[in-house]
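Colleague: Sharing a structure here in structure tokens format.
A short reminder: the numbers here are calculations on the coordinates, not readings from a lab. None of these values were measured; they are calculated from a predicted model. Neighbour counts run over all protein chains shown; Cβ positions are idealised from the backbone, glycine included.
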Amino acid sequence: MTLQALIFDVDGTLADTERDGHRVAFNRAFAEAELDWVWDVPTYGELLAVTGGKERIRYFIDRWAPSLPDVADQDAWIAELHKAKTRHYLALLERHEIPLRTGVARLIHEARAAGIRLAIATTTTPENVTVLLRSTLGEDSPGWFDVISAGDIVPAKKPAPDIFHHALEALGLAPTDCLALEDSANGVRASIGAGVPTLVTLNDYTRDDDVGAALSVVDQLGEPGQPFTHIAGRRPPGEFIDLAALRALLA
Ligand code: XBP
Ligand code: MG
């Protein structure tokens, strides 16, 4: 097979958005709603078991039984709370507080120059993706991606494979014509569930995740002079991940 497209996850893969981004935004929304909830770094790590912000709030309520107002429609109340969280998160992105991970911009530019198509498959809210791309890669960068499959566009979020099916259908490609870049067990279950070979770049929150189904697992994409560490699966050649390394992994 010939590599024709890269399908990127967003949170934890394009950027380390969770600890200093989403988590902070959730806490700001909670404070604004006069809730006494605080998601500290370890607690948030446990909550990452569930993808999707609204789903994560629901899981917290069900598992932790925190104090909450007596509302007639709890789902609608969660949706409003999540809207406030998204507003706080976008404000963080717009202040350029969240950079891309090492090697991500380099690989995206190389893929574009080589005519490799780009796509996004993520659980997060669509606007979070476009604002992250604009704030890191420039105003026109969302247009570099043939499809941004995100958020509630599919009802079943990762680890379900549906968001990858959505991206593949929009690309009009077979899964084995593509390579997915993911960071977590839930992401790998989704990408591999859709049959897309996957490279994992782990991060602090996912370092102990079971990503054994991935083609290859490293700690980062790396840069010249800033080598990746190989963790599991196939070992990419070289010291940083470029298109040649990805093609070698798929060969
Ligand atoms: C990302 C997520 C998202 C974000 C929050 O998972 O789990 O829920 O934490 O985004 P993945 P929203 O990287 O596997 O796509 O609050 O916008 O849902
Ligand atoms: Mg992720």
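Colleague: What does the charge count near residue 16 come to, summing +1 for each Lys or Arg and -1 for each Asp or Glu among other residues with Cβ under 10 Å from its Cβ?
Modeller: Overall, the nearby charge balance is -3.
Colleague: Residue 235 to residue 95: extension gain in nm, 0.36 nm per residue of separation minus the Cα-Cα distance?
Modeller: Extra length from residue 235 to residue 95 when fully extended: 46.7 nm.
Colleague: Over the chain, with a Gaussian network built from C-alpha contacts below 10 Å, which listed residue (216, 141, 184) shows the highest mean-square fluctuation?
Modeller: 141
Colleague: Dipole of the chain, Cα-centred, from +1 at each Lys and Arg C-beta and -1 at each Asp and Glu C-beta, to the nearest 20 debye?
Modeller: Approximately 520 debye in magnitude.
Colleague: Given the options 11, 162, 70, state which has the largest fluctuation in a GNM of the chain using a 10 Å cut-off (strictly under) for Cα springs.
Modeller: Result for the chain, Cα springs under 10 Å: 70 fluctuates most.
Colleague: Suppose R0 equals 22 Å; then what is the FRET efficiency for residue 55 and residue 219 from their Cβ-Cβ distance, rounded to the nearest 0.05?
Modeller: So, using R0 = 22 Å, E works out to roughly 0.20.
Colleague: Under the Kirkwood approximation applied to all pairs of distinct alpha-carbon atoms, what is the hydrodynamic radius of the stretch 4-135 in Å?
Modeller: Hydrodynamic radius (Kirkwood, Cα pairs) of the stretch 4-135 is 16.0 Å.
Colleague: Restrict the search to the stretch 68-176; then list the trypsin sites (Lys or Arg not before Pro) that DSSP places in a loop and that have at most 16 other Cβ atoms within 10 Å of their Cβ.
Modeller: 95
Colleague: If each Cα of the stretch 167-251 is one equal point scatterer, what is log10 of I(q)/I(0) from the Debye formula at q = 0.10, 0.16, 0.20, 0.22 Å⁻¹?
Modeller: Ignoring solvent entirely, the Cα scatterers give -0.23, -0.58, -0.88, -1.03.
Colleague: Helix-derived [θ] at 222 nm for the chain: sum -39500 (n - 2.57) over DSSP H runs of at least 4, divide by residue count, nearest 500?
Modeller: Theoretical 222 nm ellipticity from helices: -12000 deg cm²/dmol.
Colleague: I've got another one for you. Most fluctuating residue of 187, 212, 52 in a GNM of the chain with Cα springs under 10 Å: which is it?
Modeller: Highest fluctuation among the options: 212.
Colleague: In degrees between 0 and 90, to the nearest 10, how far off the longest principal axis of the chain does helix 23-32 point, with axes built from Cα atoms?
Modeller: 20 degrees
Colleague: Ranked by Cβ crowding within 10 angstrom, fewest neighbours first, how are 176, 51, 17, 229 ordered?
Modeller: Taking fewest neighbouring Cβ atoms as first place, the list is 229, 176, 51, 17.
Colleague: Let me ask you something else. Given points 7 Å out from each Cα along the Cα-Cβ axis, report the residue 156 to residue 71 separation in nanometres with one decimal.
Modeller: 2.8 nm
Colleague: Let me know the longest stretch in the chain that avoids all GluC sites (Glu not before Pro) found in a DSSP loop with at most 11 other C-beta atoms within 10 Å.
Modeller: The answer is 140-251.
Colleague: Take the alpha carbon atoms of the stretch 56-86, find their center, do the same for the stretch 110-181, and report the distance between the two centers in whole angstrom.
Modeller: Using only Cα atoms to place each centre, the spacing works out to 28 Å.
Colleague: Label-point separation (nm) for residue 244 and residue 109, each offset 7 Å from Cα along Cα-to-Cβ?
Modeller: 1.8 nm
Colleague: Same structure again: Please list, or write none, the lysines whose alpha carbon is within less than 19 Å of the alpha carbon of residue 83, excluding same-chain residues fewer than 8 places away.
Modeller: Here the lysines satisfying the reach criterion relative to residue 83 are 54, 157.
Colleague: By how many degrees, between 0 and 90 and to the nearest 10, does the Cα long axis of helix 74-94 differ from the longest principal axis of the chain?
Modeller: 50 degrees
Colleague: Starting from 0 in steps of 10 Å, tell me what percent of the Cα-Cα pairs of the chain lands in each bin.
Modeller: Pair shares across the bins are 7, 32, 36, 18, 6, 1.
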